[in-house]
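Please read the structure below before turning to the comments.
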Amino acid sequence: MPTPALQSEPSVDSALRFFGEALNMFDPLRFRAWAEMGLTTAQLRVLFLVRESPGVTAGELAHRLAVTPPTISGIVDRLVKLNLVRREDDESDRRLVRNILTDQGENACKRMEQGTEIFTRRILVEMDPRDLQAFTAGLKAFIKASTYVANVEPNLAAVAMPGMSAE
C-alpha cells in the first residue's frame, strides 16, 4: 500500500474535492429520510449497523462508530422510541443487551436502500462505460486502502478529530 507521502498533493486535494461533491449529491436523500422518518444520518447509520449485525450491543456499536457509549445510547433510545429497534436481554449473559431491528426498522432500511439504488443507478447509467469501469476500479482501490488504514490506524477518527475521544 503506498504511503501518503508518495501521492502528489494536487491529486489528493482534487480527489478530496470530488469525493466531497459526490457525497453531497446524496443530501436530498438524507434530508428526505430526516423529514419523512425523523431520522438523522447518525440514526440511519446505527439502524443499518443493527441490521448488518443483529444482536449487536451498544458497546460494539460505539466501538464501530468511534463514539462514546452515551452517544450510542441516545441514538438507540431514539430508534427504540420510533419502534425501529428493540432491545433484548442476552440469554447467556444478563449484563448484555442486544439490539435488533423491528419489522418497521427493516422496512425503513429497505426503503432507504431502494431509494438510494434508484438515485445512484440513474446517475451511473449516464456514465460512459469506460468511465464507469474506471470509477468501479477506483472505488475498489478506495475500499482496499480504507481497510488497510483501518488495520494500521484503528483510531483514525480520534486522531482526525482530536478532543472528541471515544473514551
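Observations on the model:
- Rounded accessible area per residue of the chain, 1.4 Å, Å²: 72
- Only one of (i) 20.4, 69; (ii) 18.6, 55; (iii) 15.8, 49 was calculated from the structure for Rg and Dmax of the Cα atoms in Å, and its label is (ii).
- Potential lengthening of the chain between Ala22 and Gln7 amounts to 3.3 nm, from the contour at 0.36 nm per residue minus the alpha-carbon distance.
- The chain: relative contact order as a whole-number percent, Cα under 8 Å and 6+ apart: 21
- Among the protein heavy atoms, those of Met161 account for about 100 Å² of accessible surface (1.4 Å probe, every chain in place).
- Highest-MSF residue in the chain out of Leu124, Leu84, Leu23 [GNM, Cα springs under 10 Å]: Leu23
- Full-extension gain in nm, Asn83 to Thr68, via 0.36 nm per residue minus C-alpha separation: 3.1 nm
- Accessible area of the stretch 18-97 belonging to carbon and sulfur atoms, whole % at 1.4 Å probe: 57
- Heavy atoms of Ile100 accessible to a 1.4 Å probe, total area in Å² rounded to 10: 40
- Charge dipole (the chain, unit charges on Cβ, about Cα centre) - positive-most of Val46, Leu79, Val97: Leu79
- Spin-label model distance (nm) - Met127 vs Ile100, 7 Å beyond Cα toward Cβ: 3.9
The values are calculated or read from the model by the stated rules, or taken from the named source; none is laboratory data. Since we're looking at a predicted model, the values are computed, not measured. Cβ: placed from backbone, ideal geometry, glycine included. Neighbour counts: every protein chain shown. Calculation scope for accessible area: heavy atoms of the full protein, side chains included, ligands and nucleic acids excluded. Shrake-Rupley method; radii C 1.70, N 1.55, O 1.52, S 1.80 Å.
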